[in-house]
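The values are calculated or read from the model by the stated rules, or taken from the named source; none is laboratory data. Being a predicted model, the structure only gives us computed values, none of them experimental. Here the Cβ positions follow ideal geometry from the backbone for every residue, glycine too, while neighbour counts run over all protein chains shown.
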Amino acid sequence: MQPTRAPLVMGIVNVTPDSFSDGGRFLGREAAVGHARRLIVDGANILDIGGESTRPGSEPVGEAEELARVVPVVEALAADTDRPISVDTTKPAVARAAVAAGARIWNDVTALRGAPDALEVAAELGCEVVLMHMQGEPRTMQAEPHYDDVVREVADFLAGRADAAMAAGVAREKIWLDPGVGFGKHMIRHNLPLMAGLDQIVKLGFPVLLGASRKSFISALDPPAKTAGERLGGSIAAALAGAAAGVAAVRVHDVRETAQALKVWAAIAQAGVRAS
Ligand code: 8Y4
């Protein structure tokens, strides 16, 4: 049977030092907390807090700086919401501090390959973990991505990382998988077949998270949409394709609009079941 339940909506919260007048990082922190509160009102079921940019070509952020950005935001949000908080980090020390501050999910774009002790720390923390596929590393991953069969290779990689996590002591029930749209994938040749084959990843038996929001493959299909802010329609289309494939959650910037689209999609899907 086709899926009829709407995926959960994970709202993206970036904590960046976007102000030069706040030597103590106060403004970047307050902006992130304010944005997260807005996303809760807009219907986010999960908040994903990140202090390191993982965009193609971006430079890494030091551990002390990332801790200083992320932990106070997790702390402030944990005090005013019961919605699960996820921390987007590749560093075990940041995941550890965020979990201590109230985060329940470690969203790791390296699938726990970013540090030698990542698997061990994930098991010790006992939090949920998102294992995402990436070919290469953020700085260079878009240079020359190659696959013979992108869906097969991503599914095999994710199954292997889930096995590695379970062997290290992470409970099966804590594991999420994510195909990593845009991470070492050709805009069209890889991202589109991967989204078309999402059901193959859902079939592995773990909840799947899909992150396609505002990503640049949308501009490849609609060249006038040059900036990230012009990609709402494409982002919603990808979220609905994910819903139809049975993903458990979508990671998005535009929470209000996505939640509305998913509600309408689920109501239609449900009506189809009753009618048949
Ligand atoms: C405009 C806005 C253009 C954002 C590109 C982007 C994923 C993720 C990212 C994902 C999981 C991003 C941290 C990239 N993407 N985590 N993180 N899955 N689990 N780029 O797809 O949003 S950051």
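Taking LEU221 as the residue in question, decide whether it is within 13 Å of the ligand (Cβ to nearest atom) and either modelled with pLDDT under 95 or among the hydrophobic types (A, V, I, L, M, F, W, C) (or both).
Working: within 13 Å of the ligand (Cβ to nearest atom): no; either modelled with pLDDT under 95 or among the hydrophobic types (A, V, I, L, M, F, W, C) (or both): yes.
No: the conditions fail for LEU221.
Is it the case that ARG96 is modelled with pLDDT of 95 or more and surrounded by fewer than 18 Cβ atoms within 10 Å (Cβ to Cβ)?
no
Collect the residues in the range 245-272 that are within 16 Å of the ligand (Cβ to nearest atom), surrounded by fewer than 21 Cβ atoms within 10 Å (Cβ to Cβ) and more than 12 Å from ILE12 (Cα to Cα), keeping them in residue-number order.
Correct list: ALA248, GLU257.
Among the residues of the range 99-111, write down those that are outside any helix (DSSP H, G or I), surrounded by fewer than 24 Cβ atoms within 10 Å (Cβ to Cβ) and touching a helix residue (DSSP H, G or I) at 6+ places or on another chain (Cβ under 6 Å).
Initially, the range 99-111 is screened for residues outside any helix (DSSP H, G or I), giving 101-111.
Checking the rest, the ones that are also surrounded by fewer than 24 Cβ atoms within 10 Å (Cβ to Cβ) come to 101-102, 104, 109-110.
ALA101, GLY102 - these are the residues of the range 99-111 that are outside any helix (DSSP H, G or I), surrounded by fewer than 24 Cβ atoms within 10 Å (Cβ to Cβ) and touching a helix residue (DSSP H, G or I) at 6+ places or on another chain (Cβ under 6 Å).
Would you pick out the residues in the range 226-244 that are away from the ligand (no atom under 11 Å from the Cβ) and assigned to a loop (DSSP other than H, G, I, E, B)?
Scanning the range 226-244 gives a single hit, LYS226.
Would a scan of the range 52-62 turn up a residue that is of a type in the set (S, T, N, Q), at pLDDT 95 or above and either under 20 Å from VAL250 (Cα atoms) or within 16 Å of the ligand (Cβ to nearest atom) (or both)? Step through it out loud before you land on a result.
Taking the range 52-62 as the starting set, the residues that turn out to be of a type in the set (S, T, N, Q) are 53-54, 58.
Add one more test, that the residue is at pLDDT 95 or above, and what stays is none.
Looking for residues that are of a type in the set (S, T, N, Q), at pLDDT 95 or above and either under 20 Å from VAL250 (Cα atoms) or within 16 Å of the ligand (Cβ to nearest atom) (or both), one finds none in the range 52-62, hence no.
Just one of ARG161, ARG189 is assigned to a loop (DSSP other than H, G, I, E, B) and either within 12 Å of the ligand (Cβ to nearest atom) or out of contact with any Lys or Arg (no Cβ under 7 Å at 6 or more places or on another chain) (or both); which is it? Spell out how you get there, then give the answer.
Details: ARG161 fails: assigned to a loop (DSSP other than H, G, I, E, B).
Going through ARG161, ARG189 in turn, the sole match is ARG189.
In the range 124-146, how many are hydrophobic (A, V, I, L, M, F, W, C), within 17 Å of the chain's Cα centre (by Cα) and part of a loop (DSSP other than H, G, I, E, B)? Break it down into steps so the answer makes sense when it comes.
Taking the range 124-146 first, the residues hydrophobic (A, V, I, L, M, F, W, C) are 125, 127, 129-132, 134, 141, 143.
Those still in the list that are within 17 Å of the chain's Cα centre (by Cα) too: 127, 129-132, 134.
From what's left, part of a loop (DSSP other than H, G, I, E, B): 127, 134.
Total meeting the criteria: 2.
Given the conditions (1) at pLDDT 95 or above; (2) of a type outside the set (D, E, K, R); (3) surrounded by 19 or more Cβ atoms within 10 Å (Cβ to Cβ); (4) in contact with a Pro (Cβ under 9 Å, 6 or more places away or on another chain), which single one is not true for GLY114?
So GLY114 meets the others, but not (3).
Considering only residues that are closer than 23 Å to VAL9 by Cα, more than 16 Å from the ligand (Cβ to nearest atom) and small (Gly, Ala, Ser), which ones fall in the range 70-123?
ALA76, ALA78, ALA79, ALA101, GLY102
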